Amino acid sequence: MIRLENLTKHYGSFVAVDDISLEVPRGVLYGFLGPNGAGKTTTLRMIAGILRPTDGRVLLGGDNVQQNPLAAKMRLGFIPDRPFVYDKLTGAEFLRFVAGLYGQEGEAVERRIAELLEVFELASWKDELVEAYSHGMRQKLIISSALIHRPECIVVDEPMVGLDPKAARLLKDIFRQFVGRGGTVLMSTHTLEVAEAMCDRVAILQHGRIVADGAVDDLRRQHRAGDATLEELFLKLTGGAHVRELVEVLGG
Amino acid sequence: MRQPSLWHVLQPKWRTALQRVREERSRGGSGKLLLLTSVALLFWVGVYGVLYLILKHVRGAEELGPFLAAKILGLVLLSFVTILVLSNVITALSSFFLAKDLDLLVSAPVDWLRLYLAKLGETLLYSSWMVALMAVPILTAYGVIYRGGLLFIPYAVLAILPMLVLPAVVGSAVTLILVNLFPARRTRDLLSIVALGAAAGLILLLRLIRPERLARPEGFRNLLDFLAVLRTPTSPFLPSEWATNAIMGYLRHAPDPLPLLLLWTTAAAFVTLGAMLHRELFAQGFTKAQEGAERFVRGTFWRWTVGWVLAPLPVAKREFVLKDIRLFFRDTTQWSQLILLGALVVVYLFNINALPLHRGEPVGFFYVTLVSFLNLGLAGFVLASIAARFIFPTVSLEGRQMWLLRSSPLDLRTLLWSKYWVGTVPLLLLALLLTGLTNVLLQVGPFMMAVGLVTICGLTFAIAALALGFGALYPQFETENAAQIPTSFGGLVYMMATIALLAAVIVALWQAVYAYVRAVYVGEPVVVDAWMIFWFAVAAAICAAATAIPLRIGLRRMENFEF
């Protein structure tokens with residue numbers, strides 16, 4: 001469903017993403033892990049068509065995001081890490097606007113808006129300007145907007161940031177149900193417990209390259225990590241020895 | 001605990017400013033700097049030149065000379081103080097209550113006095129730099145005419161500086177009190193309306209008292225009438241008056257230390273009082289500033305009006321237009337500019353009506369046609385300024401939400417299309433109103449009326465396209481305040497391009513209009529011949545090119561935006 005072929009992104013002389021290739025099949029929840037600055041957000045933004053790759057290509061359901069952007073983007077729901085939305089629209093207006101961007105309107109859209117606002121407990125806020133929403137409420141609104149057109153795949157950057165435990169749980173359930181019905185989710189996260197509990201497969205990025213990918217059990221086997229948690233595996237693969245030293249320094 | 005120095009508290013601000021300069025330089029921005037400096041210098045030389053001539057003329061008048069020179073300076077400084085109080089009130093709201101660094105500063109162990117002084121300094125700098133720059137050519141003209149010598153420079157700085165501090169303290173204090181009474185965001189809305197209403201009122205007042213009468217003293221019955229008109233609000237308690245007395249005293253070689261002493265001691269006293277007020281009220285005000293505006297909006301009005309008119313359009317275009325209209329009318333800082341615009345239109349038409357063309361003896365048909373024709377350029381310039389304020393920033397204002405637009409299947413042409421028409425339709429209505437009413441007031445013939453209306457339509461399409469195109473070429477995604485966006489380098493380049501367009505169209509049309517004037521003058525029938533059609537076609541081609549090319553370039557640029 002989501003296919004990255006030799007994806008590369010340079011910012012001047014800095015290589016943010018270095019020749020990544022990845023295949024995320026239909027019906028899979030794929031975790032994208034990596035330390036800060038590893039290139040996760042840059043990769044996701046290239047998949048969403050917000051950034052142009054320096055080299056390589058992104059295919060969504062067979063459509064090239066660069067060459068056939070409209071068809072590719074029709075399949076996609078993108079949830080960014082920072083919830084910037086129009087402050088002077090109400091929640092309902094924002095969702096109606098996003099539905100319009102996907103060419104959808106009418107009674108079906110109105111029902112979908114009501115349904116999503118209800119699910120995310122925003123129904124009583126639907127006629128309130130977004131400027132009055134909290135960070136978590138904005139995040140919920142953006143998640144609703146990514147689901148409004150019933151996408152085939154969802155690309156989501158740090159979905160749990162700002163969500164209360166109830167909403168976080170709800171989102172996990174929604175994503176599991178979504179992949180259960182044949183949808184595809186590519187999710188970047190720092191919360192390794194979440195990744196371990198939710199993801200069918202993970203890819204670990206470092207310095208713009210994929211250093212490991214596969215199911216968590218496979219990764220344990222590949223790297224002879226025994227019963228190690230994903231966190232321990234992550235630290236091992238991304239230079240976690242420094243963390244122990246850091247703890248000692250901080251501990252005094 | 002040892003407190004950080006004021007310099008340290010302000011460090012992020014000046015380091016950011018330095019970094020911006022470095023980035024500009026490394027991007028090869030020396031050409032940009034050169035252009036900006038040239039325009040600023042040209043403006044300075046213009047202001048200096050005009051004032052130099054006035055003061056030279058005034059100095060020649062034996063009795064009235066020094067009185068008039070002081071009066072002019074007093075008037076200028078008084079208007080500076082008025083503008084400064086208004087702009088300080090608005091700036092203080094951002095720097096004291098809405099700035100992004102406040103959470104960090106308030107949560108850090110920085111004492112209230114340092115916080116106050118740092119934010120006061122920031123407010124002072126942001127709201128006064130333009131006035132301070134404007135004062136340079138004015139005071140230079142005074143220094144040169146009255147032979148103030150080199151020492152006049154530090155003396156003038158000594159006189160002007162406390163005059164800038166006082167409005168900053170007063171403005172900050174007014175804001176502090178207002179924020180304690182209303183939530184900060186509501187206060188910002190309130191202030192935008194009050195400030196623009198006051199500015200519009202001031203413009204109307206200044207125009208309606210007809211200052212041009214001062215240029216014709218023979219129209220007054222006697223000297224007393226003339227002086228009565230000259231009378232401006234003066235008071236021994238106004239800091240502008242103290243600064244005027246200090247400067248004029250020095251220039252008349254009779255320096256008086258009292259005005260300077262008054263300025264500095266009052267500034268010091270005000271800063272102290274302001275600091276005390278800040279200590280008492282800031283914490284409560286800052287808490288209130290966190291409150292949202294909390295407004296429920298049903299939002300059906302635009303849906304049932306504009307939405308109904310746009311019903312035949314595809315849903316993406318319709319929703320985009322509706323979204324842009326809603327955002328404009330719900331943002332007080334945006335729609336309140338219309339108050340000022342209304343006042344400027346009234347002044348514009350008043351000016352045309354005040355022209356002595358149809359008073360007394362009949363004025364030649366040539367002048368009426370000339371004024372009507374040149375009015376096209378002037379109306380074009382007014383429209384360009386309005387487009388700079390309302391259309392130029394539209395692409396920049398999408399910046400933070402561009403993730404949504406770029407990740408959705410929205411064709412960028414649709415985005416550009418909706419932004420273009422949302423801006424062009426109201427601009428076109430205004431253009432037709434300005435040109436049509438002006439031509440009615442001038443009593444022009446049907447030929448000039450038709451030329452005027454058709455030309456202004458073509459110009460409006462091109463001006464709106466240029467504003468949108470240059471707005472996309474020079475986006476300011478980090479600036480949240482729409483009013484600041486046109487003051488950027490891109491805004492300047494846009495205005496220069498528009499002036500070039502106006503000049504090209506006027507020159508092309510002049511050939512056709514000249515043929516018309518000549519025919520009427522010699523009493524021949526007006527025939528629209530091949531020569532006229534050729535020049536009309538040239539003007540139309542210029543407008544068409546100035547519409548299509550910027551939109552195409554803007555689209556290309558938007559396709560390459562990266563976030």
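The values are calculated or read from the model by the stated rules, or taken from the named source; none is laboratory data. These numbers were taken from a predicted model, which means no experiment stands behind them. Reconstructed Cβ throughout: ideal geometry from the backbone, glycine too, with neighbour counts over all protein chains shown.
Screening A:ASN6 on (1) in contact (Cβ under 8 Å) with a residue 60 or more places away in the chain; (2) outside any loop (DSSP other than H, G, I, E, B) shows it passes everything except condition (1). When you look at A:PRO35, is it at pLDDT below 90, crowded, with 16+ Cβ neighbours inside 10 Å, out of contact with any strand residue (DSSP E or B) (no Cβ under 6 Å at 6 or more places or on another chain) and more than 12 Å from chain B (Cβ to nearest Cβ), yes or no? When the stated conditions are applied, A:PRO35 passes them.
Apart from one condition, B:GLU559 fits all of (1) within 14 Å of chain A (Cβ to nearest Cβ); (2) closer than 25 Å to B:GLY377 by Cα; (3) among the acidic types (Asp, Glu); the exception is (2).
Yes/no per residue for (1) acidic (Asp, Glu); (2) surrounded by fewer than 19 Cβ atoms within 10 Å (Cβ to Cβ); (3) within 25 Å of B:ARG20 (Cα to Cα):
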| site | (1), (2), (3) |
| --- | --- |
| B:LEU453 | no, yes, no |
| B:ALA462 | no, no, no |
| B:PHE477 | no, yes, yes |
| B:MET495 | no, no, yes |
| B:ILE499 | no, yes, no |
| B:ALA545 | no, yes, no |
| B:ARG552 | no, yes, no |
| B:GLU559 | yes, yes, no |
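Comparison of B:GLY143, B:GLY148 shows that the only residue that is part of a loop (DSSP other than H, G, I, E, B), within 27 Å of B:PHE67 (Cα to Cα) and either in the same structural domain as B:MET248 (by TED's automatic domain parsing) or touching a Pro at 6+ places or on another chain (Cβ under 7 Å) (or both) is B:GLY148. Residues that are assigned to a helix (DSSP H, G or I) and touching an Asp or Glu at 6+ places or on another chain (Cβ under 7 Å) within the stretch A:36-59 comprise A:THR41, A:LEU44, listed in sequence order. Of all residues in the stretch A:102-132, exactly one satisfies the criterion of being within 22 Å of the chain's Cα centre (by Cα) and of a type in the set (Ser, Thr, Tyr), namely A:TYR102.
Cβ-Cβ contacts under 9 Å between residues 6 or more apart (or on different chains), taken from a first residue in the stretch B:530-554 that is assigned by TED's automatic domain parsing to the domain that holds B:GLN511 to a second residue that is not in a helix (DSSP H, G or I), are listed as B:PHE536/B:VAL528. When the stretch B:405-463 is filtered for residues that are under 27 Å from the mean Cα position of the chain (by Cα) and basic (Lys, Arg), only B:LYS419 remains. Listed here are the helices (runs of 4 or more DSSP H) enclosed by the stretch B:1-115 that have at least 1 residues being surrounded by 12 or more Cβ atoms within 10 Å (Cβ to Cβ) and not assigned by TED's automatic domain parsing to the domain that holds B:LEU125: B:6-9, B:11-26, B:30-60. Sub-8 Å Cβ pairs linking a first residue in the stretch B:112-136 that is touching a residue at least 12 places away in the same chain (Cβ under 8 Å) and within 19 Å of B:ALA195 (Cα to Cα) to a second residue that is in a helix (DSSP H, G or I) and basic (Lys, Arg), at least 6 apart or interchain, number zero.
One line per residue, one yes/no per condition, for (1) more than 11 Å from chain A (Cβ to nearest Cβ); (2) at pLDDT below 80; (3) more than 26 Å from the chain's Cα centre (by Cα):
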{"position": "B:GLY307", "(1), (2), (3)": "no, yes, yes"}
{"position": "B:ALA316", "(1), (2), (3)": "no, no, yes"}
{"position": "B:PHE320", "(1), (2), (3)": "no, no, yes"}
{"position": "B:ASP324", "(1), (2), (3)": "no, no, no"}
{"position": "B:THR332", "(1), (2), (3)": "no, yes, no"}
{"position": "B:LEU344", "(1), (2), (3)": "yes, no, no"}
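Annotation note: of A:SER145, A:SER134, the sole residue that is more than 8 Å from chain B (Cβ to nearest Cβ) and either out of contact with any strand residue (DSSP E or B) (no Cβ under 7 Å at 6 or more places or on another chain) or surrounded by fewer than 20 Cβ atoms within 10 Å (Cβ to Cβ) (or both) is A:SER134.
Residue count for the stretch A:60-71 satisfying the condition of being touching a residue at least 60 places away in the same chain (Cβ under 8 Å) and in contact with an Asp or Glu (Cβ under 7 Å, 6 or more places away or on another chain): 1. The one condition from (1) free of Cβ contacts under 8 Å to residues at least 40 places away in the same chain; (2) buried (at least 21 other Cβ atoms within 10 Å of the Cβ) that B:LEU466 does not meet is (1).
Yes/no matrix, rows are residues, columns are (1) free of Cβ contacts under 8 Å to residues at least 24 places away in the same chain; (2) assigned to a helix (DSSP H, G or I); (3) in contact with a Ser or Thr (Cβ under 8 Å, 6 or more places away or on another chain); (4) more than 22 Å from A:ASP87 (Cβ to Cβ):
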| site | (1), (2), (3), (4) |
| --- | --- |
| B:ALA246 | no, yes, no, yes |
| B:HIS253 | yes, no, no, yes |
| B:LEU273 | no, yes, no, yes |
| B:ARG279 | no, yes, no, yes |
| B:GLY307 | yes, yes, no, no |
| B:ALA316 | no, yes, yes, no |
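Considering the stretch B:386-404, the residues that are over 13 Å from B:ALA464 (Cβ atoms), part of a helix (DSSP H, G or I) and without any contact (Cβ under 8 Å) to a residue 60 or more places away in the chain include one that is nearest to the chain's Cα centre (by Cα), namely B:GLN401.
Condition first: among the charged types (D, E, K, R) and either part of a helix (DSSP H, G or I) or closer than 25 Å to B:SER372 by Cα (or both). Now tell me which residues in the stretch B:328-349 satisfy that.
B:ARG330
The set of residues in the stretch A:103-112 that are within 7 Å of chain B (Cβ to nearest Cβ) and either surrounded by 22 or more Cβ atoms within 10 Å (Cβ to Cβ) or on the phi > 0 side of the Ramachandran plot (or both) contains only A:GLY103. Out of the residues in the stretch A:101-116 that are among the small types (Gly, Ala, Ser) and at pLDDT 90 or above, state the one that is nearest to A:VAL130 (Cα to Cα). Of everything passing the filter in the stretch A:101-116, A:ALA114 is nearest to A:VAL130 (Cα to Cα). Only one entry of B:LYS13, B:LYS56 meets the criterion of being closer than 26 Å to B:PHE489 by Cα and in contact with a helix residue (DSSP H, G or I) (Cβ under 7 Å, 6 or more places away or on another chain), and that entry is B:LYS13.
Within the stretch A:72-100, restricting attention to residues that are facing chain B (nearest Cβ under 7 Å), touching a residue at least 24 places away in the same chain (Cβ under 8 Å) and of a type in the set (Phe, Trp, Tyr), the residue that is surrounded by the most Cβ atoms within 10 Å (Cβ to Cβ) is A:PHE78.
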